[in-house]
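Comments concern the structure below.
The values are calculated or read from the model by the stated rules, or taken from the named source; none is laboratory data. What you are looking at is a predicted structure, and each value in this text was computed from that prediction instead of being measured. We place every Cβ from the backbone using ideal geometry, glycine too, and count neighbours over all the protein chains shown. Keep in mind that these areas ignore ligands, DNA and RNA; they rest on the heavy atoms of the full protein, side chains included. Shrake-Rupley method; radii C 1.70, N 1.55, O 1.52, S 1.80 Å.
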Amino acid sequence: MGRLLRGVSALGYGARVVALNLAVLFAAGAAQAEQITIAALGDSLTQGYGLPQEDGFVPQMQAWLRAQGADVQVINAGVSGDTTAGGLSRVGWTLTPDVDAMIVALGGNDLLRGINPAASRANLDGILSAAGDAGVAVLLVGMQAPGNYGPDYKAAFDAMYPDLAATHGTLYFESFLKGLTDLPDRGAAMRDYMQGDGIHPSAAGVALIVQAMGPKVLALIDRAQ
């Protein structure tokens, strides 16, 4: 920009006016082009179940990122009750041309339904492949299965997230609820930061989730740029 303006000074008055106008338009267009659009593909945790719209994961994450100086728009592509199969079925129309990056946070409803981890893995693999084909950077958010399905199920489910992240070269964050599960008093965390159903975080809980995940989303923005 500075080099362009120095060149403008050597022109005649009329030419300078035209060139300066073009320089301003160029700078404005470049600044606008630098904004990163992130689609958050997920389920009720992403969608913001049980919360006022402004308190959900997507608005809070966007506000946090902007407070760090990121020029970013985060799109809510969360659907309550969605499984990895549901995410795969709609990833094509989620990846619009203006999407630069994607957070993928799916699998909780697969767990609730006891879906075979091999099927969940295949669905996630399809989502990550679609993002790769579109040239979209991805942050894959994992989770851990409870032990009630048995050790084999848990081992297969837990491993699919880091395995797929490594295979596709995506960024990886180990758990959507890490900001809460890392708190020293699990009982207090459930009482103070979860809604009454014990499944979905409160607005204060979402704030902790965003603080924990936020640095990894900043890395996602860097990769998208």
(request) About the Cα centre of the chain, how large is the charge dipole given +1 on each Lys and Arg Cβ and -1 on each Asp and Glu Cβ? Please answer in debye to the nearest 20. (result) 660
(request) Would you mind calculating the relative contact order of region 126-225 from Cα pairs under 8 angstrom and at least 6 residues apart, reporting the percent as a whole number? (result) 27
(request) Determine the distance separating the Cα centre of region 151-176 from the Cα centre of region 30-87; give it in Å without decimals. (result) 22
(request) Scan the chain and note any complete DSSP helix (H) whose C-alpha atoms cover at least 27 Å along its axis and whose Kyte-Doolittle average is 0.0 or more. (result) 13-33, 203-224
(message) Using the basic label-point model (7 angstrom from Cα toward the beta carbon), what is the Asp71 to Ala159 distance in nanometres?
(response) 4.5
(message) At 1.4 Å probe radius, can you tell me the per residue accessible area of the chain in Å²?
(response) 49
(request) Sum -39500 (n - 2.57) across every DSSP H segment of at least 4 residues in the chain, then divide by the residue count to get the 222 nm mean residue ellipticity, nearest 500. (result) -17500 deg cm²/dmol
(message) Taking the Kirkwood radius as the inverse of the mean 1/r across Cα pairs, report the Rg/Rh of region 108-225.
(response) 0.99
(message) Which one, Leu164, Gly108, Gly214, projects farthest toward the positive side of the charge dipole computed for the chain from Cβ point charges (K/R +1, D/E -1)?
(response) Gly214
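Whenever you get a sec, compute what percent of the accessible area on the chain sits on carbon and sulfur atoms (1.4 Å probe).
So the carbon and sulfur contribution to the accessible surface is 56 percent.
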(request) Have a look at the DSSP beta bridges in the chain and tell me what percent are antiparallel, nearest 5. (result) 5
(message) If you consider only alpha-carbon coordinates, what radius of gyration and Dmax does the chain have, in Å?
(response) 21.2, 79
